[in-house]
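Here's the structure we're looking at; comments come further down.
The values are calculated or read from the model by the stated rules, or taken from the named source; none is laboratory data. Quick caveat: nothing in here was measured; it's all calculated off a predicted structure. Every residue, glycine as well, gets a Cβ built from its backbone with ideal geometry; the counts of neighbours run over all protein chains shown. Surface areas here come from the heavy atoms of the whole protein model, side chains and all, with no ligands, DNA or RNA. Shrake-Rupley method; radii C 1.70, N 1.55, O 1.52, S 1.80 Å.
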Amino acid sequence: MPTLDWVNKTQAAVAANDVPYHLLQLQSVHGDPAADNLLIQGDNLLALKALLPFYRGLVKCVFIDPPYNTQSAFAHYDDKLEHSQWLSLMYPRLVLLRELLAEDGSIWITIDDNEAHYLKVLMDEVFGRSNFIATNVWQKRYSRENREAIGDVHDYVLVYARVPERFKATRNLVPFSDKQAAVYKNTNNDPRGRWRPIPMTAQAGHATPEQFYEVTTPSGKKYKPPAGRCWGVSKATYERLLSEGRIYFGKKGDSQPNIIRYLSEVPGVAPWTWWPSEEVGHTDEAKKEANVLFGGDVSFGTPKPERLIQRIIDIATNPNDLVLDSFLGSGTTAAVAHKMGRRYIGIEMGEHARTHCLPRLEKLIAGEQGGISEAVGWHGGGGFRFYTLGEPVFNAEGDIHEGVHFPALAAYLWHFETGEPARETFATPFLGVNAGTGFYLLYNGILGDRRPQGGNVLTSKVLAYLDADFPHAGPRVIYGEKTLLGEARLREAGITFKQIPYDIKAR
């Protein structure tokens, strides 16, 4: 498969592995303290790596609106990178986002013509060309653009899936637009509502004998399926539909039969790649939303309309699914996900994580009524936790940083050993069983005593305690500061001992 090459690509390709793990430092809790929503201020590459031990394979939808690299200067971020720098910025972040995606998850990226085609090839390399789903075209302007030789009226939304078959099986339909629903009429005042006639014939290639029969219209005219066709339903089904008033023979009652389909029975339509501004909003709408939230003097430069994000979340997720945006900007993705009953993680590096995202989500909890609020029946509630990036797990000497406590190290070790995210807060030395192996951590005085016989060192007394309170019949991996048991004793007990910090990978 053809790939892109650029200056420093080799470094960019391994950058995700070289990023040190950092702790997330809780700063404040807003609204419901039990809400599983995170707002993180910090470099998104470091933040994504910090999330891996806890959220790997759990994110249903990633949406990012990265810098378009338009060579413009904006007040809130740098959009003027040299082309190879932009590619090096994106590559490791895409690698980490891929690792966070669930099996049925998808990633959606807005971009324009400056980098869209390079991004497509880059994502083919990171996600796999076969995992490409679509390039959606978003009509971002509703009025003509006359400043360029050819007016720019659209952006792209690239979509990739972790496993395309899973995404196709689980993705949602989109609601009818007014224009699409206009074909459903109710000229006869049917109490069941608006309807449209659907042709009752089908290709005859796989038909059964029950799909070939004669139909008599109310006027007495008779019909059989045309050559090469059959009726789309069996005779028994046709007679049931006829008795229910679900067959339409035209205004004069003498046309070939059609099945009546009611608008109320149609859950929606399959998504397609043309996203007009009247359906999903435009840049002018987005700026007006931002001005109401922040005031015109502090509004974010290039926000996306809430309706655009709503369309993506509608297709890609269901209530309580996890949405991640690592280029959060003014907080639109987090706000829309919150209103739609999804869990979310938003990451933003700049100071506007505090000046824009934080107050926007506080207003949201209080019942802010902008954007899609009325359409989704939003009246406030919920909550989120605000984090910053803390210390790295390991210091410059390779030792565990003094700020790392047992639950955090346990989560990292579980992730390193199993490849699975930590699905709980660890509070005992027994972390769990994976593929038949039990994992234990003796650290930070987890057994209530920092003396060797009390917790951090594997002794006969500690092993007896583990055997009694946390027995496991299979092989065991035990992390600790050191062990006083000999190799023969360890083999006899089925234990692989790993010493802290030397046997813990720093990355």
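A few notes on this one:
- Rolling a 1.4 angstrom probe over region 65-209 with all protein chains present gives an accessible area of which 51% lies on carbon and sulfur atoms.
- Dipole of the chain computed with +1 at Lys/Arg Cβ and -1 at Asp/Glu Cβ about the Cα centre; of M200, L485, Y465, farthest Cα towards the positive end is M200.
- Straight-distance crosslink candidates among aspartates and glutamates, where the alpha carbon sits under 14 Å from K120 and sequence neighbours closer than 8 are dropped: D5, D112, D155
- Note on region 150-271: lysine pairs with Cα distance below 19 Å, sequence gap of 8 or more or different chains, count 10.
- Candidates N395, V280, C61 compared by Cα position along the dipole of the chain: farthest toward the positive end lies V280, with charges placed on Cβ.
- All lysines inside 27 Å of K461 as judged from Cα atoms, apart from same-chain residues fewer than 8 positions distant: K482, K498
- Among 428-441, 362-375, 41-54, 216-229, the order from most to least packed when residues are scored by Cβ within 10 Å on average: 41-54, 428-441, 362-375, 216-229
- Overall Cα dimensions of the chain, principal axis frame, Å, largest first: 97, 61, 50
- Unit charges on C-beta of K, R, D, E only; dipole of region 356-469, Debye: 180 debye
- Residues whose placed amide H lies under 5 Å from that of N186, excluding near-sequence neighbours: W195
- Separation between Cα centres of region 149-165 and region 1-67, rounded to whole Å: 22 Å
- Region 57-64 - phi-based ³J(HN,Hα) in whole Hz, Karplus 6.51/-1.76/1.60, Gly and Pro as x: x, 10, 7, 7, 9, 9, 10, 9
- Accessible area per residue for the chain, computed on protein heavy atoms with a 1.4 Å probe, is 47 Å².
- Karplus-derived HN-Hα couplings along region 3-19 (A = 6.51, B = -1.76, C = 1.60, θ = phi - 60°), whole Hz, x at Gly and Pro: 10, 7, 9, 7, 4, 6, 4, 4, 5, 5, 5, 9, 4, 4, 5, 7, 5
- Gain in span if fully extended, A227 to Y465, counting 0.36 nm per residue against the direct Cα distance: 77.6 nm
- Simple point charges give the picture: +1 on the Cβ of Lys and Arg, -1 on the Cβ of Asp and Glu, and for the chain a dipole about the Cα centre of about 2060 debye.
- Highest-first arrangement of 320-326, 467-473, 477-483, 332-338, where packing means the average Cβ count within 10 Å: 332-338, 320-326, 477-483, 467-473
- Considering only A50, P191, T355, the residue lying farthest towards the positive end of the dipole of the chain is P191, judged by Cα position with unit charges set on Cβ.
- Fraction of beta bridges assigned by DSSP in the chain that are antiparallel (%, nearest 5): 55 percent
- Gap separating the Cα centres of region 191-253 and region 325-378, nearest whole Å: 50 Å
- Between G390 and L23, L24, Q25, the built amide H atoms are under 5 Å apart, and every one of these is 5 or more places off in sequence or on another chain.
- Projected-area mean, region 362-466, by convex hull of Cα positions, square nanometres: 11.0 nm²
- Distance between the pseudo-spin-label points of T135 and D190 (7 Å out from Cα toward the beta carbon): 4.1 nm.
- Contact order normalised by residue count of region 270-366, Cα under 8 Å, 6+ apart, percent: 22 percent
- Building the convex hull from the alpha-carbon atoms of region 242-348 and averaging its projection over directions returns 10.6 nm².
- Proximity of backbone amide H atoms, modeled 1.01 Å from N, is registered between D32 and G382, G383, F384 at under 5 Å, excluding neighbours fewer than 5 places apart on the same chain.
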